[in-house]
Structure formats: structure tokens, C-alpha cells
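Okay, structure first, notes after.
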Amino acid sequence: MNILAIETSTSLCSVALSHNSSIVEVSLNVVGKHSSAVFEQITSVLSEAKLSIGDIDRVVLSAGPGSYTGLRVGSSAVKGLLFAQNCTLFAANTLAGFALSIVDVAKPSKFRVLAMIDARRQHAYSQIFEITVGSSGEINIEALNEVAIRTLTEIFETILPSDVLVGTGMSRLPESLPSDCELHSIENVSARGLIRLHEIAGKYPSEEFIRKVDIETFEPDYMSGATWQ
């Protein structure tokens with residue numbers, strides 16, 4: 001099965017392709033250039049795998065929360081690419097994708113991840129997850145709270161020593177973080193996290209993190225927080 005994943009919810013533009021049990025990915029931190037970057041990246045990964053868009057079986061799209069412009073570009077790109085294609089579209093929780101992006105570089109075995117995206121002023125989109133990596137590499141993810149817009153003070157008050165933080169806006173938190181927190185900027189995020197989310201989706205029948213959607217009618221969650229499902 002060939003699976004294409006697209007992440008455009010922040011200044012990061014990332015595309016990953018799962019093909020023949022391997023993953024090809026391209027990531028670039030862009031500002032205001034998503035519309036061109038995403039198509040260049042899709043072309044790049046398809047070319048490397050010697051595939052065309054017609055060979056893609058499933059697309060996993062980062063569906064929010066996040067930047068209005070970034071999410072709109074991702075959604076529009078997918079609708080254009082998949083028009084008249086026999087392909088299934090899955091909408092994924094952006095913050096869960098962030099959390100799974102850092103499995104290879106974060107603390108092993110079991111850890112809490114606070115994923116956040118700067119929402120300007122004194123707010124950010126945030127959600128906390130617990131990730132467990134088994135001895136043979138199997139991954140489990142559990143949401144410890146709801147995805148929502150929260151004040152930076154509220155987010156700071158939820159952080160525990162040894163937490164892993166990933167995303168944007170961490171430098172805007174109101175106080176110094178515990179010294180043993182592990183920080184991962186947006187450069188550590190990639191669409192590979194969305195591929196992982198798709199791989200483990202069968203463990204979560206409630207569609208908590210990822211759901212199948214209609215290509216023509218799909219709209220991203222520009223963020224009311226509780227509207228993810």
C-alpha cells in the first residue's frame with residue numbers, strides 16, 4: 001500500500017510517502033510559500049519512489065488545529081491532486097501527528113508529550129499525550145486531555161518535570177520550564193508522524209486521532225478546539 005502524508009499546519013511544510021515498507025520524506029520550514037512548496041515536495045517524494053499520484057492508495061492530511069492559511073493550502077492541494085483518483089483521504093489530528101513525529105528522537109519506552117502550536121496573543125493550541133514504545137518497536141498513544149485553545153499560563157501549569165514538548169510557541173510560555181523537560185522545535189516535526197498515526201489507527205475504533213473523510217466535502221478544523229470530531 002502506498003500512503004502519502006501531508007503536514008502544512010504551521011510554517012513547516014512536510015510530505016512523507018510510505019512505499020514498500022520504507023518512508024521517503026521532505027520537510028522545509030517555509031513562511032508564506034506553502035502553496036508552491038507542498039507541490040514540489042509531493043513531486044519529489046513520488047519521483048524518488050518512481051510513482052505517480054495515481055499509484056497512491058491513501059492520503060493522510062494534517063487537518064488541524066493550526067494556521068488557517070497552512071491548513072487551507074494542504075486541503076486545497078489534496079482536493080486538486082485526488083480529483084477523479086481512486087484514493088481514500090484520512091484527516092488526522094495535527095497535534096497527535098506532532099507527538100508521533102518525535103518518537104525516534106525523544107525519550108524511550110514511555111513519556112508524556114505536550115504538543116502545542118502558537119495561536120498568538122496569549123494563547124496556543126495544545127494537547128497532552130502519553131506515548132509508549134514497546135520492546136519490538138510497537139507504538140501506542142493516549143490523549144490525556146482534549147485538543148483546545150488554552151492560555152499560555154494554563155498550558156504552563158500542566159507541564160510536569162521530564163515532559164517532552166514539541167511544536168511552536170514554547171518560548172512564549174510565561175515562566176522557565178523545568179530543567180529536565182525535553183524540547184523539540186517545529187524542525188523536529190515531519191509528516192512521518194501522520195504515517196505512524198495511520199499505521200496504529202486500527203487500535204482506536206473511536207476515530208479519536210484519525211478519521212476517513214469525503215474528499216469533496218472535507219474542511220480542516222481551523223480551530224474551535226472541540227470541533228475535531
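Exactly one residue among Phe156, Phe129 is touching a Pro at 6+ places or on another chain (Cβ under 6 Å) and either within 21 Å of Ser11 (Cα to Cα) or not charged (D, E, K, R) (or both), and that residue is Phe156.
The set of residues in segment 191-221 being modelled with pLDDT of 75 or more, more than 15 Å from Val78 (Cα to Cα) and among the aromatic types (Phe, Trp, Tyr) consists of Phe209 alone. Touching a Lys or Arg at 6+ places or on another chain (Cβ under 8 Å), of a type in the set (A, V, I, L, M, F, W, C) and farther than 22 Å from Ser35 by Cβ: is that true of Phe129 in this structure? So Phe129 fits the description; yes. Residues in segment 63-70: is at least one in a helix (DSSP H, G or I), under 24 Å from Arg150 (Cβ atoms) and among the hydroxyl-bearing types (Ser, Thr, Tyr)? Looking for residues that are in a helix (DSSP H, G or I), under 24 Å from Arg150 (Cβ atoms) and among the hydroxyl-bearing types (Ser, Thr, Tyr), one finds at least one in segment 63-70, hence yes. Restricting to segment 77-107, give me the number of residues that are more than 10 Å from Gly193 (Cα to Cα), in a helix (DSSP H, G or I) and touching a residue at least 12 places away in the same chain (Cβ under 8 Å). Qualifying residue count, segment 77-107: 4. In segment 215-229, the residues that are assigned to a loop (DSSP other than H, G, I, E, B) reach residues that are modelled with pLDDT under 50 with C-beta atoms within less than 6 angstrom, at least six apart or across chains, in these pairs: Asp221/Thr227; Asp221/Trp228. Applying the condition of being in a helix (DSSP H, G or I) and over 19 Å from the mean Cα position of the chain (by Cα) to segment 163-208 and asking which residue is nearest to Arg121 (Cα to Cα) yields Arg172. State yes or no: is Thr158 at pLDDT 95 or above and either assigned by TED's automatic domain parsing to the domain that holds Ser18 or in contact with a helix residue (DSSP H, G or I) (Cβ under 8 Å, 6 or more places away or on another chain) (or both)? In short, no. Whether a residue is assigned by TED's automatic domain parsing to the domain that holds Ala201, on the phi > 0 side of the Ramachandran plot and under 16 Å from the mean Cα position of the chain (by Cα) was assessed, and Gly74 does not pass this test.
Yes/no matrix, rows are residues, columns are (1) in a strand (DSSP E or B); (2) buried (at least 17 other Cβ atoms within 10 Å of the Cβ):
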site	(1), (2)
Ile6	yes, yes
Thr10	no, yes
Cys13	yes, yes
Val26	yes, yes
Ser36	no, no
Phe39	no, no
Ile42	no, yes
Glu48	no, no
Val60	yes, yes
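The values are calculated or read from the model by the stated rules, or taken from the named source; none is laboratory data. Since this is a predicted model, take the numbers as computed values, not measurements. Cβ atoms come from the backbone with ideal geometry, glycine included; neighbour counts cover every protein chain shown.
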